[in-house]
1. From Cys38, Cys107, Cys90, which residue is in contact (Cβ under 8 Å) with a residue 40 or more places away in the chain, touching an Asp or Glu at 6+ places or on another chain (Cβ under 6 Å) and more than 29 Å from Ile447 (Cβ to Cβ)?
2. For the range 72-89, give me each residue that is of a type outside the set (A, V, I, L, M, F, W, C) and in a strand (DSSP E or B).
3. Going through the range 310-330 one residue at a time, which ones are more than 17 Å from Thr352 (Cβ to Cβ), acidic (Asp, Glu) and part of a helix (DSSP H, G or I)?
4. Filter the range 416-448 down to residues that are aliphatic (A, V, I, L, M) and under 22 Å from the mean Cα position of the chain (by Cα) and give me whichever is modelled with the lowest pLDDT.
5. Name the single residue, out of those in the range 81-97 being out of contact with any Gly (no Cβ under 9 Å at 6 or more places or on another chain) and at pLDDT 95 or above, that is surrounded by the most Cβ atoms within 10 Å (Cβ to Cβ).
6. Kindly indicate whether Tyr68 is within 23 Å of Arg40 (Cα to Cα), modelled with pLDDT of 95 or more and not basic (Lys, Arg).
7. Working carefully through the options Leu398, Leu373, find the one that is more than 24 Å from Leu175 (Cβ to Cβ) and not assigned by TED's automatic domain parsing to the domain that holds Phe239.
8. I'm trying to understand the selection: among the residues of the range 139-154, which are hydrophobic (A, V, I, L, M, F, W, C) and touching a Leu at 6+ places or on another chain (Cβ under 6 Å)?
Amino acid sequence: MSTLSTETICALSTPPGIGGLAVVRVSGPEAISIVDACFRGKRSLRDVATHTIHYGQFLRADGSVADYVTAAVFRAPRSYTGEDVVEITCHGGTVMYRLILESLIACGARLAEPGEFTRRAFLNGRLDLVQVESVAEIIHSQSLAAQELALKQLGGSFTAWIRQIRDELSNVASLVELELDFAQEDVEFAERRELAERIDGMLVECRRFIRSYSGAQILRYGLRVGIVGFPNAGKSSLFNALLGRQRAIVSPQPGTTRDYIEETLPVGRSLVRLFDTAGLRTSSDAIEVEGIALARSVIEQCHVLVVVNDVSIGVEHSEGLVTSLREEVPGAVHLLVHNKCDLLEAIPSPRTEDELFISARTGQGIEQLIERLGKIIEESTAELELALVNERQRDSLLRVEAALLSAQRALAEGLPGECIALDLRTAAQELSTLLGEQWTNDLLDRIFSQFCIGK
């Protein structure tokens, strides 16, 4: 697949602002000649070999020196975009890269659109659509675990799995279709029991990736942890203790927290998003009522609810609240955290691993709570091996699952081979679409709208 563009594009590829260096990328059929018109080094860039770096002056339109730069030359097709590419490294700052872009545009280049470099890489067959999405994941990664998995996906691990399943589907469909040519001889090229086992195996694999979507969301955006409880249980104190700094206002006055506060907490190689919420109670104060409503909206979106109990009142004081929250948010993990254990003469033994005794004031038990959150992340992301499955990929795999289930039913009911083959072909075609072997401009526009201009 190749759709070489007639236009040469340029853009800043490093973040704008103050910095030691900046990189301006140029790609297209005239990339080398356009940069060469602005570059003065020992040799003309038209004559240099691919994958070489050259030092020289970069000139403005009036011939004056804009900066001393290096120019890295990558000739088609051995470049990121599959086109001729030159990457100019200049001094950083807000002025220098603009001077270079102005000169390049004056010589015939145009400013790139968001994601246009990677779009060209896709259209020129350098990346498939799954790898393209992994580039966006790498750029937007907020944790080391997400970045590592996205990098593995860019390397082709998920692509290889998709192609393996697609090819198996096509091969099995071909055998079933071949039987149609020998219908009168009653020949069976695909033994039905073995065929059922192969479909079952593909369903298991497909569902594994579908299930991994929720874990991918956790690695992508962080584990959402709501700190909830009755007023004055020590929620804000625990919030501050987890962060290791004073972030939320702490007061003995009930109802101090009116709006929720959000902060991020690195846990291992992943990220936790902490939400300090208003105390849950019946109130006649209009502002506090609004705060409680906001708290409940946050609670509904959390993966983990840390129910803070004032243990000085009693171990059972918040059990009714825990029960109601389990009914309201059944998909969340509910941790019962007994705060103010420093006020107890003896600390009871936890009844489960989801019950902890802490003191936000002294720091006792805080590390154990962080370790428990880390374990929840590990359990939630255990099936993430090859890819950070996104919404488009999950929806595509759901359609593959539906086609496989249809083939499974057709097989069990003894329907004609053409029915089974049609379902298998449908699943294989969906996997080809997942890779981007079939695409529409609307699909590409949605994907590349997430990219920055320089990528």
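1. Every option except Cys90 fails the conditions.
2. Hits for the range 72-89 are Glu87, Thr89.
3. Within the range 310-330, Glu327, Glu328 qualify.
4. Looking at the filtered set, the residue picked out is Leu443.
5. Of the residues in the range 81-97, the ones out of contact with any Gly (no Cβ under 9 Å at 6 or more places or on another chain) are 86-90, 95-97.
Now drop any that are not at pLDDT 95 or above, which leaves 86-90.
Details: Val86: 27, Glu87: 20, Ile88: 25, Thr89: 18, Cys90: 22.
If we take residues in the range 81-97 being out of contact with any Gly (no Cβ under 9 Å at 6 or more places or on another chain) and at pLDDT 95 or above, then Val86 is surrounded by the most Cβ atoms within 10 Å (Cβ to Cβ).
6. Working: within 23 Å of Arg40 (Cα to Cα): yes; modelled with pLDDT of 95 or more: yes; not basic (Lys, Arg): yes.
Criteria met by Tyr68.
7. On the way: Leu373 fails: not assigned by TED's automatic domain parsing to the domain that holds Phe239.
Answer to the selection: Leu398.
8. Initially, the range 139-154 is screened for residues hydrophobic (A, V, I, L, M, F, W, C), giving 139, 144-146, 149-151, 154.
If the condition is that a residue be hydrophobic (A, V, I, L, M, F, W, C) and touching a Leu at 6+ places or on another chain (Cβ under 6 Å), then Ala145, Ala146, Leu149, Ala150 are the ones that fit.
The values are calculated or read from the model by the stated rules, or taken from the named source; none is laboratory data. This structure is a prediction, so every number in the text was calculated from the model and none was measured. Positions of Cβ are backbone-derived with ideal geometry, glycine not excepted, and every protein chain shown enters the neighbour counts.
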